[in-house]
1. Can you give me the accessible area per residue for the chain, using a 1.4 Å probe, in Å²?
2. Given segment 44-187 reduced to its alpha-carbon atoms as identical point scatterers, what log10 I(q)/I(0) does the Debye formula return at q = 0.09, 0.11, 0.17 Å⁻¹?
3. Taking the Cα centre of segment 21-125 as origin and charging only Cβ (+1 Lys, Arg; -1 Asp, Glu), how large is the dipole, in debye to the nearest 20?
4. Work out the length of the dipole vector of the chain about its Cα centre, built from +1 on the beta-carbon of each Lys and Arg and -1 on the beta-carbon of each Asp and Glu, and round it to the nearest 20 debye.
5. Compute the distance in nm between two label points, each set 7 Å from the Cα along the Cα-to-Cβ direction, one at Asn74 and one at Ala209.
6. How large, in percent, is the carbon and sulfur part of the accessible surface of the chain at a probe radius of 1.4 Å?
7. Taking a quarter of the surface of the Cα convex hull of segment 192-341, what do you get in nm²?
8. Given R₀ = 35 Å, FRET efficiency for Ala190-Glu232 by Cβ-Cβ distance, to 0.05?
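The values are calculated or read from the model by the stated rules, or taken from the named source; none is laboratory data. Since the structure is predicted, the reported quantities are computational estimates derived from the model, not experimental observations. Positions of Cβ are generated from backbone atoms using ideal geometry, with glycine treated the same way; all protein chains shown enter the neighbour counts. We work out accessible area using only protein heavy atoms, side chains counted, and drop any ligands, DNA or RNA first. Shrake-Rupley method; radii C 1.70, N 1.55, O 1.52, S 1.80 Å.
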Amino acid sequence: MTKLKTLAALLAASVTLGNTALAADTELNLYTARHYQTDEALYSNFTARTGIKINRIEGKEEELLERIRNEGKNSPADVFITVDAARLAAADQYGIFADVDSPALKAAIPAHLHTNRWFAFSTRARVIVYNKLDVKADQVRNYEDLAKPELKGKVCTRSGNHPYNLSLGSALIQHIGAAKTEEWARGLVANFARAPKGGDTDQIKAVGAGECGVALVNSYYLARMFKSTKPEDQKAVERIGVVWPNQSSFGAHINISGGGMLKTAPHKEAAVKFLEYLASPEAQDYFANGNNEWPVVAGVKVSNRGLDAMGKNFKTDTLPVGKLADTVIEAQKIYDRAGFR
Ligand code: FE
């Protein structure tokens, strides 16, 4: 009798386990525009904790989104990770993201850094760098200052069509209005030292070399330069100063790395687990530090000498990332009219 009972219990248990094993996801398909060395550790730790294997498809931001859209409802993608709030918002407008009802995620990530469907997992700031021999910090305290006539022939930036500049323009529209943003864009263009070219790192180098007096760059490129052991990089950063813009108004413009779960995800349970994992202190450290960004979760320590070199106490814009996308198209139109290409 006892034996029978035990057997029955064992059978019941194995049936339950069997069902669970069938229902539980054992893999996750991740489409990511991020490819950093430290992300490897991030993924293997997730697999070690959950037993869920990650199949990674890496690509450029726009290519991955295009791929997801082409694959349609047959897409194997569970989670899409990319950079820039405007890009994430565009992906959301295509309707690719599912609502994620995760109290854990919503509790961990500040309200202005997520929507119901996509979440920021790290932040970067768009800061001002200047050549210390050519420009004084007080001349460039605010984004608006870059349009002042006194900086004629000194301003450098990457293309106005790039999402980083479009997101900044979008934030400006919401803070100072469209008319003033257009005036600003025209002033900026009138101050160019050269036609926009290259990436943010090229602007930092050009400021270091004195070819440009001042430039707009993302904080993580700067942190990378501060940490670089190349003599030419060290020489360049010695010559530049960093300004956290708009400290007496809305704060430095913030952009993000982030992602969400796809509506068509074949492994939804694994997808939510992975997103929740990205908001854990351990993953936050890898995710943010790997690209010299800041974690989004409060209390996660930053130990990055590249970021520390830029100073620690600064005010950042708290404009919700979901709202940031609302005026991106308007920013593009303004830039087009102003000749910021
Ligand atoms: Fe970048």
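1. Dividing the accessible area of the chain by its residue count gives 45 Å².
2. Scattering profile of segment 44-187, log10 relative to I(0): -0.43, -0.62, -1.09.
3. For this selection, approximately 160 debye.
4. 320
5. Rounded to a tenth, the inter-label distance reads 4.9 nm.
6. That fraction is 54 percent.
7. Averaged projected area of segment 192-341's Cα convex hull equals 11.7 nm².
8. 0.70
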